[in-house]
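J.: Mind having a look at this structure? Questions to follow.
Derivation of every value follows stated rules applied to the coordinates shown; laboratory data play no part. Nothing here was measured: the structure is a model prediction, and the numbers come from that model. Quick reminder, even Gly has a Cβ in these numbers, built from the backbone with ideal geometry, and neighbours come from all protein chains shown.
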Amino acid sequence: MSTPTTTTAGEYLLLFRGREWYNDLSAEELQKALGQTKAWFERVSSQVKVKASQPLAREGATVSLKNGRVVTDGPYAESKEAIGGYLLFEAGSLEEAIALAKTCPTLAYDCAVEVRPVGTECPMSARARQLEQAQELVNA
Amino acid sequence: MLLFRGNEWQKGLSPEEMQTVASRWMAWFSGLKDQGKVTAGSPLEAQGKLVSGKNGRVVADGPFAESKEAVGGYFLLQVKSMDEALAIAKECPGLAYGAVVEVRPVAEACPLIAEFAEAQLTGATA
């Protein structure tokens with residue numbers, strides 16, 4: 001009931017994935033890329049309601065539990081899947097969000113854009129409720 | 001930014017465990033909000049698409065669920081240092097069940113701008 005379908009308006013998150021492609025460019029190419037991305041963000045901001053948008057520094061760490069101890073791995077390795085930034089905005093549907101993602105200029109530099117609908121309910125709560133309801137049906 | 005990676009770990013939980021972790025998670029988020037340390041946070045739907053290629057001609061499905069790497073949600077933190085962000089990440093109620101939290105600082109400037117500025121300084125050309 002609260003989970004968006006492809007036709008649902010709501011919040012969407014773009015995750016910009018890719019290597020530090022700008023490291024390989026000349027000054028002229030960089031200037032062109034800068035212009036393109038700046039223009040894109042300005043255009044996007046005028047077309048949709050942008051809630052937040054930031055680049056992420058390449059440093060970082062991952063925190064997890066290993067053998068009963070909390071460990072920190074990092075700094076973050078450079079890879080094609082690395083997330084370089086995000087854009088949180090409102091769209092009328094997943095299709096609309098995808099259409100927007102397709103215009104991102106970094107795609108030409110071998111980056112990818114992940115498009116995800118923002119959830120309105122903790123997936124664990126939803127799943128727990130589903131399982132409990134299923135159990136009640138079994139017990140009835 | 002905290003990125004919650006992987007959601008496989010949720011699969012093995014009983015409904016009671018799921019509710020417990022979910023409640024703890026929401027309490028964790030509320031607590032951080034009260035302290036002014038988090039400005040936003042949400043789970044992400046398991047559906048979605050990965051757009052790539054020239055003009056985004058390639059549109060692929062996930063997986064965004066049942067994957068160790070998939071981003072299941074995020075928090076936007078407002079803290080003074082990476083150490084503080086790491087300390088908060090270590091409080092994640094999902095860690096005990098196998099969750100992985102990626103901690104990334106928000107860049108001060110667009111890396112493109114920084115790169116361009118550096119290229120100008122060093123007079124780098126193709």
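J.: Hand me the list of strands (runs of 3 or more DSSP E) wholly inside region B:8-76 holding 1 or more residues that are out of contact with any helix residue (DSSP H, G or I) (no Cβ under 8 Å at 6 or more places or on another chain), within 7 Å of chain A (Cβ to nearest Cβ) and of a type in the set (S, T, N, Q).
T.: Output list reads B:38-43.
J.: Let me ask something else. Given the options A:E96, A:E132, A:E136, name the one that is in contact with a Pro (Cβ under 6 Å, 6 or more places away or on another chain) and farther than 22 Å from B:A70 by Cβ.
T.: A:E132
J.: I would also like to ask the following. Would you check which residues across region B:2-22 are loosely packed, with under 15 Cβ neighbours inside 10 Å and small (G, A, S) and list them?
T.: Correct list: B:G12, B:S14.
J.: Restricting to region A:23-46, name every residue that is in contact with a helix residue (DSSP H, G or I) (Cβ under 7 Å, 6 or more places away or on another chain) and surrounded by 15 or more Cβ atoms within 10 Å (Cβ to Cβ).
T.: A:L25, A:A27, A:L30, A:Q31, A:A33, A:L34, A:Q36, A:T37, A:W40, A:V44
J.: Only residues that are surrounded by fewer than 21 Cβ atoms within 10 Å (Cβ to Cβ) and either within 7 Å of chain B (Cβ to nearest Cβ) or within 18 Å of A:S53 (Cβ to Cβ) (or both): list them for region A:123-140, please. Steps first, answer last, please.
T.: Step one: filter region A:123-140 for residues surrounded by fewer than 21 Cβ atoms within 10 Å (Cβ to Cβ), giving A:123, A:125-127, A:129-140.
Selection gives A:P123, A:S125, A:R127, A:L131, A:E132.
J.: Another question, then. Condition first: at the interface with chain B (Cβ under 9 Å from one of its Cβ atoms), buried (at least 16 other Cβ atoms within 10 Å of the Cβ) and farther than 23 Å from B:Q78 by Cα. Can you find one or more residues in region A:47-64 that meet it?
T.: no
J.: Specify which of the listed residues (A:E59, A:E42) is under 30 Å from B:S81 (Cα atoms) and assigned to a loop (DSSP other than H, G, I, E, B).
T.: A:E59
J.: What's the number of the condition B:Y97 fails, among (1) within 15 Å of B:R5 (Cβ to Cβ); (2) under 17 Å from the mean Cα position of the chain (by Cα)?
T.: Unmet for B:Y97, out of (1) within 15 Å of B:R5 (Cβ to Cβ); (2) under 17 Å from the mean Cα position of the chain (by Cα): (2).
J.: Out of the residues in region B:86-113 meeting the condition of being assigned to a helix (DSSP H, G or I) and more than 9 Å from chain A (Cβ to nearest Cβ), tell me which one is surrounded by the most Cβ atoms within 10 Å (Cβ to Cβ).
T.: B:I88
J.: Another question, if that's okay. Considering only residues that are among the aromatic types (F, W, Y) and under 15 Å from B:G72 (Cα atoms), which ones fall in region B:3-28?
T.: If the condition is that a residue be among the aromatic types (F, W, Y) and under 15 Å from B:G72 (Cα atoms), then B:F4, B:W9, B:W25 are the ones that fit.
J.: Restricting attention to region A:12-39, and to residues there that are part of a helix (DSSP H, G or I) and among the basic types (K, R), which single residue is nearest to the chain's Cα centre (by Cα)?
T.: Once the filter is applied, the top-ranked residue is A:K38.
J.: Let me ask something additional. Does region A:98-112 contain at least one residue that is at the interface with chain B (Cβ under 7 Å from one of its Cβ atoms), in contact (Cβ under 8 Å) with a residue 12 or more places away in the chain, part of a helix (DSSP H, G or I) and in contact with a strand residue (DSSP E or B) (Cβ under 7 Å, 6 or more places away or on another chain)?
T.: Yes, that holds for at least one residue.
J.: To continue, here is another question. Which condition breaks for A:G84 when tested against (1) in contact with a strand residue (DSSP E or B) (Cβ under 7 Å, 6 or more places away or on another chain); (2) in a helix (DSSP H, G or I); (3) of a type outside the set (A, V, I, L, M); (4) within 8 Å of chain B (Cβ to nearest Cβ)?
T.: For A:G84, the failing item is (2).
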